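A.B. asks: Quick one: structure below, then a few questions.
The values are calculated or read from the model by the stated rules, or taken from the named source; none is laboratory data. Because the structure is predicted, anything quoted here is derived from the model rather than measured. Here the Cβ positions follow ideal geometry from the backbone for every residue, glycine too, while neighbour counts run over all protein chains shown. Ligands, DNA and RNA are stripped out before the accessible areas are found, and what is left, the full protein with its side chains, is counted by its heavy atoms. Shrake-Rupley method; radii C 1.70, N 1.55, O 1.52, S 1.80 Å.
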Amino acid sequence: MGTGLQMGQGLWRVARNQQLQQEGYSEQGYLSREQSRRTAASSISNASHRKQVQGGIDIYHLLKDLANDELLWQGLCKSTWGHCSIYNKNPPLGFSFRKLYMQLDEGSLTFNANPEEGVNYFMSKGILDDSPKEIAKFIFCTRTLNWKKLRIYLDERRDVLDDLVTLHNFRNQFLPNALREFFRHIHAPEERGEYLETLITKFSHRFCACNPDLMRELGLSPDAVYVLCYSLILLSIDLTSPHVKNKMSKREFIRNTRHAAQNISEDFVGHLYDNIYLIGHVAA
């Protein structure tokens, strides 16, 4: 287990060291990070990294071989950044997945400091097309982006947000479970306000579009789903917050919800309460 971890870390460092030596990498804004990585990479040459494991395998030379394995780098790229515009194009001259991995990593670090600069970096390298749909696909298939920075970016780029919402498929999902999935990709703001209302509105319309038969069967409209979503968020806070001493009962939730959104069956609302009670917050 320890050898595998050492190999994984060493592979990245060897490849990064090789890239820095070949390219003399010193782009403005990344100097401090690159200096620390140069230090880490140089440590590979120390005797400790040349120790042999069982069977007489030289870890350092093994990592050097792996660092030039394009299939390995391709797998690393696509498992971490599931969608990039460049994946669907003819590769440019001098393209390598190892180089792409370094650029994707650099762009992600940049995004997590300044989202707009990060997206511009991806576009400047030909990794992403300047299209809301392509940016939305990249965000949807990437888990290395800081969710707080991403929330700020989507609040400013409503065109990207629209395309990101349409990538979700909520067909045959129970409403609170669908809402949890939605907020895992598009994090809810910490405070109530216009952005939260926008998110719930977009979710409600998408949920109805994915479940037309269920909506007809239950007699629900996007406005009714909107009310239910708000009720679920408030119930989540009520049941999970240590500051709320008198928790809302199932009977109270059913009464309040049916008063706000009429023509909804008592059983359906009761199942909503049970889901929150057993599974927890929809926007945690």
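A.B. asks: For the pair Tyr87/Ser131, report the inter-label distance in nm, with labels modelled 7 Å from Cα in the Cβ direction.
C.D. replies: 1.4 nm
A.B. asks: Of the accessible area of the stretch 70-175, with the probe set at 1.4 angstrom, what percent is carbon plus sulfur?
C.D. replies: 49 percent
A.B. asks: State to the nearest 20 debye the size of the charge dipole of the stretch 207-284 about its Cα centre, where the only charges are +1 on K and R beta carbons and -1 on D and E beta carbons.
C.D. replies: 320 debye
A.B. asks: How about Lys133: which lysines have a C-alpha closer than 24 Å to its C-alpha, ignoring those fewer than 8 places off in the same chain?
C.D. replies: Cross-link targets: Lys78, Lys89, Lys125, Lys148, Lys149, Lys202.
A.B. asks: May I pose another question? What is the list of residues in the stretch 242-266 whose amide nitrogen lies under 20 Å from a point 7 angstrom out from the Cα of Arg216, following Cα to Cβ?
C.D. replies: 263-265
A.B. asks: Among Lys202, Lys247, what's the order by accessible area (1.4 angstrom probe), most exposed first?
C.D. replies: From most accessible down to least: Lys247, Lys202.
A.B. asks: Now, a different point. According to a simple spin-label model (label point 7 Å from Cα along Cα-to-Cβ), what is the distance in nm between Gln74 and Lys245?
C.D. replies: 6.4 nm
A.B. asks: Per-residue accessible area for Arg171 at 1.4 Å probe radius, Å² rounded to 10?
C.D. replies: 130 Å²
A.B. asks: Between Leu234 and Asp274, what length comes free when the chain is fully extended (0.36 nm per residue of separation minus the Cα-Cα distance, one decimal in nm)?
C.D. replies: Using 0.36 nm per residue and subtracting the Cα-Cα distance, I get 13.0 nm.
A.B. asks: Highest mean first, what order results for 100-110, 187-197 on Cβ atoms within 10 Å?
C.D. replies: Result, highest mean first: 100-110, 187-197.
A.B. asks: Within the stretch 213-235, find all residues whose amide N lies under 19 Å from a label point positioned 7 Å from the Cα of Arg184 along Cα-to-beta-carbon.
C.D. replies: Residues 233 qualify, since their backbone N sits under 19 Å from the label point.
A.B. asks: Let me ask another. Ignoring ligands, DNA and RNA, how do Arg180, Arg143 rank by accessible area with a 1.4 Å probe, largest first?
C.D. replies: Per-residue accessible area, sorted high to low, gives Arg143, Arg180.
A.B. asks: Moving on to the next point. Using a probe radius of 1.4 Å on heavy atoms only, what accessible surface per residue do you get for the stretch 133-284? Whole Å² is fine.
C.D. replies: 53 Å²
A.B. asks: Also, quick follow-up: Measure off, as a whole percent, the carbon and sulfur share of the 1.4 Å-probe accessible area of the stretch 176-284, all protein chains present.
C.D. replies: C and S atoms contribute 50 percent here.
A.B. asks: Using the Karplus curve 6.51 cos²θ - 1.76 cosθ + 1.60 with θ = phi - 60°, work out ³J(HN,Hα) for each residue of the stretch 70-79 in order, rounded to whole Hz, and write x for Gly and Pro.
C.D. replies: My calculation for the stretch 70-79 gives 5, 5, 5, 5, 4, x, 5, 4, 6, 7 Hz in order.
A.B. asks: On to the next question. Between Glu156 and Thr198, what is the label-point separation in nm under the 7 Å Cα-to-beta-carbon projection?
C.D. replies: It works out to 1.3 nm between the two label points.
A.B. asks: Quick one: order Met248, Met215 from most to least accessible surface, probe 1.4 Å.
C.D. replies: Met248, Met215
A.B. asks: Still on this structure, I have one more. Counting C-alpha atoms alone, how compact is the stretch 110-167: give Rg to one decimal and Dmax as a whole number, in angstrom.
C.D. replies: Rg, Dmax (Cα atoms, Å): 10.3, 27.
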